[in-house]
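For reference, the structure discussed in these notes is given below.
The values are calculated or read from the model by the stated rules, or taken from the named source; none is laboratory data. Owing to the predicted nature of the structure, the values given are computational and were not obtained by experimental measurement. When we count neighbours, we look across all protein chains shown, and the Cβ atoms used for this are built from the backbone with ideal geometry, even at glycine. The area values use the complete protein model at the heavy-atom level, side chains included, leaving out ligands, DNA and RNA. Shrake-Rupley method; radii C 1.70, N 1.55, O 1.52, S 1.80 Å.
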Amino acid sequence: MNSRGDLAAREAMILGLPQRMQPVERNAESESIAMGIWRRIRCAITGVDADPGPVEAIPEIHFTMLRHPELWEKISNLSIQLSAHGKIAPRERELVILRTGWLCRAPFEWGEHVKFGLQLGLSSEEIERVKLGSAAADWDAKDRALLSAVEELHGDAMISDATWDALRETYSEEQCFELTVLVGQFITTAFWLNSLRIPLNPGIVGLTNSH
């Protein structure tokens, strides 16, 4: 499913229909909880605890997920752990998440991490090349191994010996373990983003848009 027509059909399936889970009402309590989680996630990903702006700017996804706050907190905490305290460098982490989001054909995940990837050191050309994966020309050996690992985990639920050995040229055992968790976390995230038909945040590109 690589043609623009196929991608447009995928987006229509996910984004062109109503959400399957509606947001909670915005009130003082829900806005306080949502702001706390949103700020922690932003800070974990970018490394900067910048003013996130008024409560009106909190993305709608947080109010949707607050229908089930205990599970949402657990999901968010693992993402925060992998971002704020993870052993994989931010640029490489975003490369992994982008390839995961693309393979899952997850417009929300892809679009959000295009934004974060650009902020954290990926070029526009590299992001376009993520769509082609590890087989594309011009990746260095380190990036190619990362992308191969994502593809193998996605397709076969394990990393091959050849790719593991390539990863271990530059990554520690702990980083390789973390990589499997990172891919698993964002495959799971793609599952619920797609299945709940979470709409894109304003200004975020989908699968069919250039950035």
Tell me, what HN-Hα J-couplings in whole Hz come from the Karplus equation 6.51 cos²θ - 1.76 cosθ + 1.60 at θ = phi - 60° for each residue of the range 169-175, using x for Gly and Pro? 5, 10, 10, 6, 4, 4, 5
Carbon + sulfur, % of accessible area of the range 1-121 - ligands and nucleic acids excluded, 1.4 Å: 55
Just for the Cα atoms in the range 53-163, what are the lengths along the principal axes, largest first, rounded to whole Å? 45, 29, 27
Pop out the ³J(HN,Hα) list for the range 126-138 in order, Karplus 6.51 cos²θ - 1.76 cosθ + 1.60 with θ = phi - 60°, rounded to Hz; leave Gly and Pro as x. 5, 5, 4, 6, 4, 4, 7, x, 5, 6, 5, 6, 5
For a bin width of 10 Å, list the pair-distance distribution of the range 1-99 built from all Cα-Cα distances, rounded to whole %. 13, 34, 34, 18, 1
Please list, in order along the range 145-160, the HN-Hα scalar couplings obtained from phi with the Karplus expression 6.51 cos²θ - 1.76 cosθ + 1.60 (θ = phi - 60°), rounded to whole Hz, x for Gly and Pro. 5, 4, 5, 4, 4, 4, 5, 5, 5, 5, x, 9, 6, 6, 9, 6
With the contact rule set at Cα under 8 Å and sequence spacing of 6 or more, what percent relative contact order holds for the range 81-211? 38
Compute the separation of the alpha-carbon centres of the range 56-90 and the range 176-192 and state it in Å as a whole number. 13
In deg cm²/dmol, rounded to 500, what helix-only [θ] at 222 nm does the chain give when every DSSP H run of at least 4 residues adds -39500 (n - 2.57) and the total is split over its residues? -20500 deg cm²/dmol
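For a quick protection proxy, order the peptides 71-80, 104-113 by their average other-Cβ count within 10 Å, most packed first. Numbers along the way, then the final one.
Values: 71-80: 15.3, 104-113: 23.8.
Descending packing order for the listed peptides: 104-113, 71-80.
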Those lysines that a straight Cα-Cα span of less than 19 Å connects to K142, excepting residues fewer than 8 apart in one chain: K87, K131
Å² per residue, accessible surface of the chain at 1.4 Å: 49
Highest to lowest packing among 182-192, 15-25, scored as the average C-beta count within 10 Å: 182-192, 15-25
